[in-house]
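The block underneath contains the structure these notes are about, expressed in structure tokens.
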Amino acid sequence: MELRRPFVRRRISLAVGGGLAISLALGCRPADTRFFGTTTPRHPPNELWINNAGEPEWLDPNKCADGNGGEIIWNTFAGLVQAHPATLEPMPAIATHWDVSADRRTYTFHLRPSEWSDGTPLTAHDFVFSFRRLLDPRTASKYATNGHIFKGGAAVSRGAAPPESLGVRAVDDRTLEVVLEDPLPYVLSFLTFYSFMPIPRHLLADLERRGIEEALWTRPEHVVSNGAYRLTEWKFRQRMVCERNPRYWDAAHVRLDRVRVAMVESYTTALTMYAAGEFDWPGSNTSLPAEFMDYLAGYQDFHRHPYLASYYYWINTTAPPLDNPLLRRALALAIDREALVRYVTRGGQIPSADLVPHGVAGYQGLDRPLFDPVRARRLLLEAGYPTGAAVPAITLTYNTSEGHKQVAEAIQQMWKDVLGITVELENQEWKVFLSTAELNNFQLCRMGWTGDYADPFTFLELLSSACGNNHSNWSDPAYDQLLTEANREPDPLARLAKFRVAEALALEAQPLIPLYTYTRSQLVKPYVRGIWGNHQDRHPWKYIWIDDSAPPEPGADPPPPAPGEIAS
Amino acid sequence: MTRFVLRRLAELVPTALVIVAASFALVRLAPGSPFSSEREIPPEVLSQLNAKYGFDRPLPEQFARYLGNLLRGDLGLSTKYPQRSVNEIIAAGFPVTLTLAGVALIWSLLVGITAGIIGAVRQNTVWDHAAMATALVGLSIPSFVLGPVLVLVVSLRWHLLPPAGWGDWRHVILPGLTLGTIYAASIARLTRGGMLEVVRSDFIRTARAKGLPERLVIWRHMLRGGLLPVVSYLGPAIASMLTGSVVVEKIFNIPGIGPYFVDAAFNRDYFLVMGIVLLYAFFLLLMNLLVDVAYFLLDPRIEYP
């Protein structure tokens, strides 16, 4: 998933921020000073106004590869399983229950009787169609690799095998058999992802018959979906309106009638609109501007929780002088990560020298030292440099953004102070930067990674030799072997232990320098209930409701429903 | 006159061709591709995407094909918004930008000319100084400061108008004022200067000598002469209102085409970049032509071959 969002839209929003700063300075406070902006809903009851931070590329579950599309798909489609709104634990959705084979490679899902929004019965064939389509090279899905969990998925996506050969089949209309490539323990969580939603093949066939381009099937005038809401209006780059879908399998539990989704890209504009009551909640895809974080954190409608994403610097391990692992480790130890998050990033980020965020699916983090200047200096000496001045010039490249610049400058100073090494900074516009990273045309470059599912593998895969996102030029067959073994390991605890060994092995070679784990900060009007913080920032609308009768007391949400309560 | 206009229109064609070729070359020379992201895209997928947009062809062939499509009025497909054609995107956004620029233009003319006349007619009085000082302030405040301040006061403090968005007349006022003010300031200064220049000319003396009332002298003769510099300024001003709406459209989240001008280049949305550049270039050339025609209509001294 994309990670530049928190920082990139800064260019113009900084300017808008100037105005907002004036507003703060003037002490423009609303009536209830405990909250930021108005606390009276400006819309009819049972309606929610949110932001989606931009026009989605696709609303087609198989083709979507961005958070803006994902937010709409998650709420207008329903998959086999759904994520619990607080714990993200997989719970039944279209599948009521499932059987797992002894080797944990075959899942048999039993589907409930349900309908598409046009009344057509939904069958296991709709899932088979979707999963094959996700991998079919003709679909050209940027997230086709998600389907590599299915047996034969990689071959199908390469075009080396027909989509029909995929390990997915409809035993009958209500039974779906899924065969996996590896016995992945996170597969049920992963199947809650939007790529795996069913596709209304009857609609696609109908459009083809009528000579309408397939790409238009998700437009409101055509779309057929099976989720809690259906898309009824889509004004390009203005707003979408989603209305309750009476044919949704769990329609009885959907509380809001309508959700109005604006597409405001500037985070500062979104913040102003929140203050004015144009948004009840800026939504999962809107970040709060970092420069106002300290100020906003004082309000009771401000919420913060850890996020499944890491911020790090790639090291090109074949470019001298950074081909020396001792020097790489010295650099990693010379960064005062506590100071970095406290004084520079200021968003409550969790300082970390590990790649995998702590506590992912029971994973025990390595807890590598956050800062050790003495050891860093000793490593520098061992690397063959009596002083930092003897180290040849190093350049740190980052994509143009105020936030990345501040982090880079702080670290530049730390390396100068602790090791005496002079590092030059270079910023590049995003697409130029991406091509620099891809061509390994750098010494150090910043990057971030959001986990697609709650499992260490989504992070550890980054360092495997086959991974196209590994920009370090570092590879180790022993590491690859450990990952492969771990994913074939049926015992979850033994699997996590193997991952731990693998992560330690990789970070000992230091092909990247982890800096911190992201957090997500949110503003939610006090009358909006049913948004629980979770580490993937996923908040299904079906659990959200408006309660403007109650006095605006924060933290008064009832506990989220237990998984068993929802599975009916 | 007709011959002049026709000749100028004919000149548009080679100019447009140069613009198309230059922007095509520039956007393709930039590193990166429309499909690159920090997540690796499988090569099979990439080749499918490239084939869909014809990026797998040699560049000269792509250029020829683009020109061919252009002649048929087809600007191609957007890569950032893959379900939309560039034609559709421009058709959706350009009227919005035009509306915004229109409001800004009316505001700037209304305020600018009024202040300019006051300044010229009451030259070197308190009125003149007040009008010109206001113009100076207006000229000095950039839109990215004025916009948020207006939002702060009008939307957040007084709750009179929405802070951002697009839909009805209430949404257009604040961005229109924000965009127009800086031009109002220039127009005020130009009007004042232009009128002061003609105030001592022979035809004004003649007008006064033949006993015209002062009101008519001002409105019929002085203003017409005084507006010439304003008219020549309006061409580029309208063009720059259209292109310069980037910031205002971002601040107020207006779905015009302004933001594409920057974002499409960042996204390497090749066809969208070209479409927008062509549209802007066309408008710039058209505005310049209109200015020349307006000159001809306003100033009887000007003759065209």
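With respect to the stated conditions, A:E291 is within 14 Å of another protein chain (Cβ to nearest Cβ) and assigned to a helix (DSSP H, G or I).
Yes or no, residue by residue, for (1) surrounded by fewer than 21 Cβ atoms within 10 Å (Cβ to Cβ); (2) touching a strand residue (DSSP E or B) at 6+ places or on another chain (Cβ under 8 Å):
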| position | (1), (2) |
| --- | --- |
| A:T192 | no, yes |
| A:G211 | yes, no |
| A:E214 | yes, no |
| A:R230 | no, yes |
| A:R237 | no, no |
| A:A262 | no, yes |
| A:F279 | no, yes |
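Does A:A502 fit the bill of being touching a residue at least 24 places away in the same chain (Cβ under 8 Å), crowded, with 24+ Cβ neighbours inside 10 Å and in a helix (DSSP H, G or I)? It is true that A:A502 is touching a residue at least 24 places away in the same chain (Cβ under 8 Å), crowded, with 24+ Cβ neighbours inside 10 Å and in a helix (DSSP H, G or I).
Considering each residue of segment A:354-387, count those that are under 30 Å from A:A454 (Cβ atoms) and among the small types (G, A, S), and give that number. Qualifying residue count, segment A:354-387: 4.
On inspection, A:K405 passes the criterion of being assigned to a helix (DSSP H, G or I), of a type in the set (K, R) and farther than 20 Å from A:R329 by Cβ.
Here is a yes/no grid of residues against (1) among the aliphatic types (A, V, I, L, M); (2) more than 13 Å from chain B (Cβ to nearest Cβ):
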{"residue": "A:S189", "(1), (2)": "no, yes"}
{"residue": "A:T192", "(1), (2)": "no, yes"}
{"residue": "A:P200", "(1), (2)": "no, yes"}
{"residue": "A:E213", "(1), (2)": "no, no"}
{"residue": "A:L216", "(1), (2)": "yes, no"}
{"residue": "A:W234", "(1), (2)": "no, no"}
{"residue": "A:M273", "(1), (2)": "yes, no"}
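Of the candidates A:E115, A:E164, A:E177, the single residue that is at pLDDT 95 or above, of a type in the set (D, E) and crowded, with 17+ Cβ neighbours inside 10 Å is A:E177. Does B:A184 count as under 22 Å from B:L242 (Cβ atoms), aliphatic (A, V, I, L, M), buried (at least 20 other Cβ atoms within 10 Å of the Cβ) and modelled with pLDDT under 95? So B:A184 passes the test. Of the residues making up segment A:373-384, those that are within 36 Å of the chain's Cα centre (by Cα) and surrounded by 18 or more Cβ atoms within 10 Å (Cβ to Cβ) number 2.
Residue by residue, here is whether (1) within 20 Å of A:W74 (Cα to Cα); (2) within 14 Å of chain B (Cβ to nearest Cβ); (3) out of contact with any Cys (no Cβ under 9 Å at 6 or more places or on another chain) holds:
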{"residue": "A:H110", "(1), (2), (3)": "no, no, yes"}
{"residue": "A:E115", "(1), (2), (3)": "yes, no, yes"}
{"residue": "A:D118", "(1), (2), (3)": "yes, no, yes"}
{"residue": "A:S141", "(1), (2), (3)": "yes, yes, no"}
{"residue": "A:K151", "(1), (2), (3)": "no, no, yes"}
{"residue": "A:Y186", "(1), (2), (3)": "yes, no, yes"}
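Residues that are within 22 Å of A:I149 (Cα to Cα) and within 14 Å of chain B (Cβ to nearest Cβ) within segment A:463-486 comprise A:L463, A:S464, A:S465, A:A466, A:C467, A:G468, A:N469, A:N470, listed in sequence order. If you check A:A383 against the conditions, is it of a type in the set (G, A, S), over 24 Å from A:L462 (Cβ atoms), more than 14 Å from every other protein chain (Cβ to nearest Cβ) and in contact with a strand residue (DSSP E or B) (Cβ under 8 Å, 6 or more places away or on another chain)? No. Evaluate segment B:276-298: report whether one residue or more is in contact (Cβ under 8 Å) with a residue 12 or more places away in the chain, part of a helix (DSSP H, G or I), within 12 Å of chain A (Cβ to nearest Cβ) and over 16 Å from B:G93 (Cβ atoms). No, segment B:276-298 contains no residue that is in contact (Cβ under 8 Å) with a residue 12 or more places away in the chain, part of a helix (DSSP H, G or I), within 12 Å of chain A (Cβ to nearest Cβ) and over 16 Å from B:G93 (Cβ atoms). Quick check on segment A:242-255. Is at least one of its residues within 14 Å of another protein chain (Cβ to nearest Cβ) and not acidic (D, E)? The answer is no; no qualifying residue exists.
Checking each residue of segment B:26-43 against the condition of being of a type outside the set (F, W, Y), surrounded by 12 or more Cβ atoms within 10 Å (Cβ to Cβ), away from chain A (no Cβ under 14 Å) and not in a helix (DSSP H, G or I) gives no match.
Scanning segment A:346-355 finds no residues that are farther than 21 Å from A:S401 by Cβ, of a type in the set (D, E), free of Cβ contacts under 8 Å to residues at least 12 places away in the same chain and assigned to a loop (DSSP other than H, G, I, E, B).
The selection criterion, being without any contact (Cβ under 8 Å) to a residue 40 or more places away in the chain and out of contact with any strand residue (DSSP E or B) (no Cβ under 8 Å at 6 or more places or on another chain), does not hold for A:L166. B:A51 meets all of the listed conditions (1) in a helix (DSSP H, G or I); (2) more than 14 Å from chain A (Cβ to nearest Cβ); (3) within 30 Å of A:P220 (Cβ to Cβ) but one, namely (2). Every listed requirement among (1) aliphatic (A, V, I, L, M); (2) more than 14 Å from every other protein chain (Cβ to nearest Cβ); (3) part of a helix (DSSP H, G or I) is met by B:A91 save one, (2). Among the residues of segment B:94-111, is any surrounded by fewer than 20 Cβ atoms within 10 Å (Cβ to Cβ), β-branched (V, I, T), modelled with pLDDT of 90 or more and over 30 Å from B:L228 (Cα atoms)? There is no residue in segment B:94-111 that is surrounded by fewer than 20 Cβ atoms within 10 Å (Cβ to Cβ), β-branched (V, I, T), modelled with pLDDT of 90 or more and over 30 Å from B:L228 (Cα atoms). Determine if segment B:15-25 includes at least one residue that is part of a helix (DSSP H, G or I) and in contact with a strand residue (DSSP E or B) (Cβ under 8 Å, 6 or more places away or on another chain). No, the conditions are met nowhere in segment B:15-25. Provide a single number: the residues in segment A:313-343 that are more than 23 Å from the chain's Cα centre (by Cα) and either β-branched (V, I, T) or in a strand (DSSP E or B) (or both). Total meeting the criteria: 4. Of all residues in segment A:48-64, those that are outside any loop (DSSP other than H, G, I, E, B) and either without any contact (Cβ under 8 Å) to a residue 12 or more places away in the chain or touching a Pro at 6+ places or on another chain (Cβ under 8 Å) (or both) total 2. Of the set (1) in contact with a Ser or Thr (Cβ under 6 Å, 6 or more places away or on another chain); (2) buried (at least 16 other Cβ atoms within 10 Å of the Cβ), all apply to A:E429 but (2). When the criteria are applied in full, A:F459 meets the requirement of being under 26 Å from A:G67 (Cβ atoms) and either buried (at least 20 other Cβ atoms within 10 Å of the Cβ) or in contact with a helix residue (DSSP H, G or I) (Cβ under 6 Å, 6 or more places away or on another chain) (or both). For A:T436, the stated conditions do not hold, so it cannot be described as within 14 Å of chain B (Cβ to nearest Cβ) and outside any helix (DSSP H, G or I).
Residues that are of a type in the set (V, I, T), under 27 Å from B:P162 (Cβ atoms) and touching a residue at least 60 places away in the same chain (Cβ under 8 Å) are absent from segment A:106-113 altogether.
Checking each residue in segment B:120-135 for being more than 27 Å from the chain's Cα centre (by Cα) and part of a helix (DSSP H, G or I) picks out B:A120, B:V121, B:V126, B:W127, B:D128, B:H129, B:A130.
The values are calculated or read from the model by the stated rules, or taken from the named source; none is laboratory data. Here the structure is a predicted model, which means the values were calculated and not measured. Using ideal geometry, Cβ is built from the backbone for each residue, glycine included, and neighbour counts are taken over all protein chains shown.
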